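The values are calculated or read from the model by the stated rules, or taken from the named source; none is laboratory data. Predicted, not measured: the structure shown is a model, and the values here were computed from it. Quick reminder, even Gly has a Cβ in these numbers, built from the backbone with ideal geometry, and neighbours come from all protein chains shown. Note: accessible area is taken over every heavy atom of the protein model, side chains too, but ligands, DNA and RNA are not part of it. Shrake-Rupley method; radii C 1.70, N 1.55, O 1.52, S 1.80 Å.
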Amino acid sequence: MAPFNSEVFLREYWQQKPCVLRQFLPNFEDFVDEHELAGLAMEPELDSRIVRFHEQHWQVIQGPFDDFDDCQGLWSLLVQGVDRVVPEGAELMAQFNFLPYWRMDDLMISYAVPGAGVGPHLDQYDVFLVQGKGSRRWRVGRPDTSDEKVTAPGLRQVEDFDPVIDCELAPGDVLYIPPGWPHDGKAITPCLTYSVGFRAPEQSQLSGFLAEHFSGQGCQAERFTDSQRASITSPVWVSESDTQNLRQLLHDAVDSPAFLLSLLTMLSDQSIEPEPPEHNATERYIVESFEAGEPLLGLTGLRPIMHERASNWLFVNGEKVAHECEDHAFLANLLSKNAIYLTDFDSHPSKLDIISSFTTLINMGYYHFLDE
């Protein structure tokens with residue numbers, strides 16, 4: 001079997017058609033079991049739910065859970081955001097780093113008993129379905145072949161479909177599904193499935209970003225003006241020049257450097273709650289820790305972002321941080337690492353600026369040394 005080629009995948013499959021990636025993760029081993037997943041489902045900061053087909057009815061029961069008496073019939077337990085609390089979950093997400101951080105959403109893990117699933121449905125985002133222990137049969141249909149309907153509060157499903165993919169996944173296999181392709185997965189044996197989901201902002205969300213930009217950043221909004229207005233034949237008409245000028249007003253706002261900073265700040269938001277250190281770390285302490293061979297680690301699941309037109313800033317978890325590292329590509333490479341060692345940047349001309357930047361991030365609570 002040929003090794004996975006990200007360039008071929010992006011060119012031929014990404015957002016175009018589904019595919020099965022056999023042994024994308026060879027020798028894959030689960031880093032949680034169903035009991036540990038149940039423990040995560042009891043945590044209030046994680047979104048969890050039980051989806052079951054019981055007594056001929058679908059039902060969604062929302063967590064967090066104190067017990068699991070509702071696990072009856074054909075049931076699945078699903079927990080979102082596992083990459084933010086389990087380091088191995090973040091490492092699994094890193095297997096898909098051929099896609100940008102800002103597009104990544106989170107890792108959901110589900111456990112299902114034989115015959116269980118969440119029913120045929122479709123998603124409005126890309127997803128990689130990584131098979132853990134056990135096996136699951138997946139069927140994938142063509143887009144626009146079935147209508148969605150609400151089968152239970154909190155559960156939307158589609159009618160059955162003719163599959164273009166009908167396969168059984170074993171541990172380490174991955175099924176990629178683009179947005180809008182209906183799919184249905186049923187456990188053959190008790191199984192764990194790891195769903196790597198991606199963000200896809202809607203126009204309404206992007207317009208909301210613009211509204212937040214003006215309301216939350218204290219920006220001076222430009223108003224519509226019409227000093228060269230021509231005479232009119234009737235007050236009823238809205239002229240084409242007026243609508244063009246109004247559209248241009250929006251274009252100017254979106255094209256402004258200030259909005260770019262706001263947009264990147266919002267795109268970096270992961271709803272992580274950092275805990276800043278009790279006492280601010282000094283650059284001397286940072287240097288000594290690096291020189292002692294300690295690795296610098298980001299919070300579990302942390303995914304900073306940068307942009308070439310805002311290259312003196314980095315954006316992390318809904319916050320923007322100024323930096324003075326002139327080698328922006330080098331800094332971006334450091335930010336993509338799970339662990340940073342002194343040897344990664346010791347000989348770089350911007351070493352002091354790099355240390356200064358990570359001192360700021362440490363004091364914000366986003367990075368820490370291994371022994372802390």
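Residues that are within 11 Å of residue 195 (Cβ to Cβ) and of a type in the set (A, V, I, L, M, F, W, C) within the range 66-82 comprise 78, 79, 82, listed in sequence order. Looking at this structure, is residue 171 out of contact with any Ser or Thr (no Cβ under 7 Å at 6 or more places or on another chain), open to solvent by 10 Å² or more (accessible area, probe 1.4 Å) and at pLDDT below 95? Here the answer is no, as residue 171 does not meet what is asked. The residue of the range 1-33 that is nearest to residue 141 (Cα to Cα), among those that are aromatic (Phe, Trp, Tyr) and open to solvent by 60 Å² or more (accessible area, probe 1.4 Å), is 13. Among the residues of the range 291-326, those identified as charged (D, E, K, R) and open to solvent by 30 Å² or more (accessible area, probe 1.4 Å) are 291, 294, 308, 309, 319, 320, 324, 326.
Considering only residues of the range 44-54 that are closer than 24 Å to residue 125 by Cβ and open to solvent by 60 Å² or more (accessible area, probe 1.4 Å), which is modelled with the highest pLDDT? Out of the qualifying residues, it is 47. When 278, 288 are checked against the criterion of being assigned to a loop (DSSP other than H, G, I, E, B) and on the phi < 0 side of the Ramachandran plot, a single residue qualifies: 278. Take the range 55-67 and flag every residue that is assigned to a loop (DSSP other than H, G, I, E, B) and either within 17 Å of residue 114 (Cα to Cα) or open to solvent by 30 Å² or more (accessible area, probe 1.4 Å) (or both). Passing the criteria: 55, 56, 64, 66, 67.
Across the range 68-87, the number of residues qualifying as in a loop (DSSP other than H, G, I, E, B), charged (D, E, K, R) and open to solvent by less than 80 Å² (accessible area, probe 1.4 Å) comes to 1.
Within the range 337-354, the set of residues being open to solvent by 50 Å² or more (accessible area, probe 1.4 Å), under 22 Å from residue 96 (Cβ atoms) and in contact (Cβ under 8 Å) with a residue 40 or more places away in the chain comprises 338 only. Can you tell me which residues in the range 363-372 are surrounded by 23 or more Cβ atoms within 10 Å (Cβ to Cβ) and not hydroxyl-bearing (Ser, Thr, Tyr)? None; the set is empty.
Table: residues versus (1) of a type in the set (Val, Ile, Thr); (2) more than 21 Å from the chain's Cα centre (by Cα); (3) within 26 Å of residue 176 (Cα to Cα).
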| position | (1), (2), (3) |
| --- | --- |
| 25 | no, no, yes |
| 48 | no, no, yes |
| 52 | no, yes, yes |
| 70 | no, yes, no |
| 74 | no, yes, yes |
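Residues considered: 273, 294. Of these, the only one that is modelled with pLDDT of 95 or more, part of a loop (DSSP other than H, G, I, E, B), within 30 Å of residue 107 (Cβ to Cβ) and touching an Asp or Glu at 6+ places or on another chain (Cβ under 9 Å) is 294. Tell me yes or no: at least one residue of the range 140-147 is touching a Gly at 6+ places or on another chain (Cβ under 8 Å) and closer than 30 Å to residue 3 by Cα. Yes - at least one qualifying residue is present in the range 140-147. Residues being modelled with pLDDT under 95 and buried (at least 17 other Cβ atoms within 10 Å of the Cβ) are represented in the range 246-260 by at least one member. Applying a threshold of 9 Å to beta carbon distances and a minimum spacing of six or more residues, or different chains, the list of pairs starting in the range 1-14 at a residue that is in contact (Cβ under 8 Å) with a residue 24 or more places away in the chain and ending at one that is open to solvent by 80 Å² or more (accessible area, probe 1.4 Å) and of a type in the set (Val, Ile, Thr) is empty. Out of the range 261-287, which residues are loosely packed, with under 14 Cβ neighbours inside 10 Å, under 24 Å from residue 47 (Cα atoms) and of a type outside the set (D, E, K, R)? The one that is loosely packed, with under 14 Cβ neighbours inside 10 Å, under 24 Å from residue 47 (Cα atoms) and of a type outside the set (D, E, K, R): 271.
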